[in-house]
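Everything below concerns the one structure shown next.
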Amino acid sequence: MTTTTTTTAGGIQAVKPTVGSHIRDYWARVRGGDLGTLPAVLGLIVLTLIFGVARSDTFLSALNFANLFNQGAQVVFIAMGLVFVLLLGEIDLSAGFASGVCGAVMAILLTNEGQPWYVAIPAALLTGVVIGLVLGLLVAKLGIPSFVVTLAAFLAFQGILLTMLEGGKNISITDEFVKSLNNGTLSTLWSWIFAIVAVVGFAAVQLNRYRRRSSKKLITDPIGIVLLRIAGLALLVFAATLVLTQERAINPAINSLKGVPIVVPIIAVALVVWTFVLGRTTYGRHVYAVGGNAEAARRAGIPVDRIRISVFVIGSFMAAIAGILVVSRNSSVDPNTGGSSILLYSVGAAVIGGTSLFGGKGKVINAVIGGAVIAVIDNGMGLMGFSSGQKFIFTGLVLLAAASVDALARRRASATGNR
């Protein structure tokens, strides 16, 4: 297929791409180093096929599919926040234990103070905002490298968490609403309503964007590509919903279990909100500008310090949501909440998904796709009987491969002038 031309009101010939030209342009961008989420998506498909063949009886079951969302929620939410930090070429090593501290604030208010969930949850979120504000001020105003600031916070938050838990005791929660956030499921009816709303909403956004750009004689994706995107998402969402609405309880006579996990729409809402913020607002353009070249952004009048502070606030706010969800999942908080490998997995999720460690390149969807890769590796290798050490080694190699792909892609993009 070839491109077609249309004439604008001023008599200027504007090129209207066809499906064939769009595919060729995409392949040219890939060859030029603009890989996007392609490596992560291909990796996710390959890993799913490997584990699906090796453990088809368990890995591909509806129960395990649903568990992947619940188990990976903490990593995905922390990774979403880290995308904003990484876009500026910064790092937040404290995000894991920050989530633990925020989760502990909620648990203490619920259990020890007898406060309702609508008091405890906002308090945990506010704690995350305050943490991010302090970190951002230290980095932006005092000029301390983010590595040093967040490493110090990483150590301090472990001590704060231990102090809050009085030396290491476990605090259980009994609030049914909080427990349902990362354990409960939507009814079958609401699961399908959510799926339909998601697909219709995506279709409306895509078609409206096509209509607006076409009406202004701007270059836009061919309608065939737009419809293909909508059909692809519909197929994926409806297939997943079909699986998740099947009975997956071990003993359904005692306790039926079917429906989309409640955490899925929570992830979807966060993804839509932050994708809009980064892709459709002035603030999002400023984040990319500062990440690409902070000095040039400053000379253009962008408040660089405020942007730096804000990304740490967003990062810690998302870590607070992650803390709420992990406490919900475990129905308790302890000194290891947010510790262990959570931070490393979260950074890995953002990078594996396609966010650059060098700043200026990344999207929130990278965190979700990368989080899925991490969850599949951890879950699949666990089902195959691999030890924790072997899982760490393999995950580390995957992260190293992703960072190498990023570095090589940037070098290729620089050489071809596609930066």
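Summed over region 187-201, the residues that are among the hydrophobic types (A, V, I, L, M, F, W, C) and either farther than 25 Å from A66 by Cα or surrounded by fewer than 17 Cβ atoms within 10 Å (Cβ to Cβ) (or both) give a count of 6. In region 228-258, the qualifying residues are those that are modelled with pLDDT of 90 or more and of a type in the set (G, A, S), and the one that is farthest from S61 (Cα to Cα) is A231.
Is it the case that region 185-193 has a residue that's closer than 30 Å to E247 by Cβ and assigned to a loop (DSSP other than H, G, I, E, B)? Yes, there is a match, as at least one residue in region 185-193 is closer than 30 Å to E247 by Cβ and assigned to a loop (DSSP other than H, G, I, E, B). Just one of the numbered conditions (1) under 21 Å from M106 (Cα atoms); (2) surrounded by fewer than 24 Cβ atoms within 10 Å (Cβ to Cβ) is not true of T337: (2).
Just one of the numbered conditions (1) among the polar types (S, T, N, Q); (2) without any contact (Cβ under 8 Å) to a residue 12 or more places away in the chain; (3) buried (at least 24 other Cβ atoms within 10 Å of the Cβ) is not true of Q115: (3). In the condition set (1) surrounded by 15 or more Cβ atoms within 10 Å (Cβ to Cβ); (2) more than 30 Å from G20 (Cα to Cα); (3) out of contact with any helix residue (DSSP H, G or I) (no Cβ under 7 Å at 6 or more places or on another chain), I250 is compliant with all but (1). Summed over region 203-226, residues that are part of a loop (DSSP other than H, G, I, E, B) and over 18 Å from V19 (Cα atoms) total 1.
May I ask you to verify whether I352 is out of contact with any Gly (no Cβ under 9 Å at 6 or more places or on another chain), surrounded by 20 or more Cβ atoms within 10 Å (Cβ to Cβ) and modelled with pLDDT of 85 or more? Explain how you work it out, then say what you get.
Working: out of contact with any Gly (no Cβ under 9 Å at 6 or more places or on another chain): no; surrounded by 20 or more Cβ atoms within 10 Å (Cβ to Cβ): yes; modelled with pLDDT of 85 or more: yes.
Taking the combined requirement at face value, the residue does not satisfy it.
Among the residues of region 378-394, is there at least one that is closer than 28 Å to A289 by Cα and either buried (at least 16 other Cβ atoms within 10 Å of the Cβ) or among the basic types (K, R) (or both)? Walk me through it before giving the result.
The initial filter retains those residues of region 378-394 that are closer than 28 Å to A289 by Cα, namely none.
No: region 378-394 contains no residue that is closer than 28 Å to A289 by Cα and either buried (at least 16 other Cβ atoms within 10 Å of the Cβ) or among the basic types (K, R) (or both).
Filter region 146-186 for residues that are among the aromatic types (F, W, Y) and surrounded by fewer than 16 Cβ atoms within 10 Å (Cβ to Cβ) and give the result. Break it down into steps so the answer makes sense when it comes.
From region 146-186, those among the aromatic types (F, W, Y) are 147, 154, 157, 177; that's our starting set.
Of everything in region 146-186, those that are among the aromatic types (F, W, Y) and surrounded by fewer than 16 Cβ atoms within 10 Å (Cβ to Cβ) turn out to be F147, F177.
Would you tally the residues in region 142-151 being assigned to a helix (DSSP H, G or I) and either of a type in the set (V, I, T) or over 23 Å from F77 (Cβ atoms) (or both)?
Taking region 142-151 as the starting set, the residues that turn out to be assigned to a helix (DSSP H, G or I) are 146-151.
Narrowing the set further to residues that are either of a type in the set (V, I, T) or over 23 Å from F77 (Cβ atoms) (or both) leaves 148-150.
So the count comes out to 3.
Every listed requirement among (1) touching a strand residue (DSSP E or B) at 6+ places or on another chain (Cβ under 8 Å); (2) more than 26 Å from V333 (Cα to Cα); (3) not hydrophobic (A, V, I, L, M, F, W, C) is met by G52 save one, (1). Tell me whether region 209-223 contains one or more residues that are within 29 Å of G184 (Cβ to Cβ), among the aromatic types (F, W, Y) and either under 28 Å from the mean Cα position of the chain (by Cα) or surrounded by 12 or more Cβ atoms within 10 Å (Cβ to Cβ) (or both). No, because not a single residue in region 209-223 is within 29 Å of G184 (Cβ to Cβ), among the aromatic types (F, W, Y) and either under 28 Å from the mean Cα position of the chain (by Cα) or surrounded by 12 or more Cβ atoms within 10 Å (Cβ to Cβ) (or both).
The values are calculated or read from the model by the stated rules, or taken from the named source; none is laboratory data. Not measured: the values here are computed from a predicted model. Cβ coordinates were reconstructed from backbone atoms using ideal geometry, including for glycine residues, and neighbour counts include every protein chain displayed.
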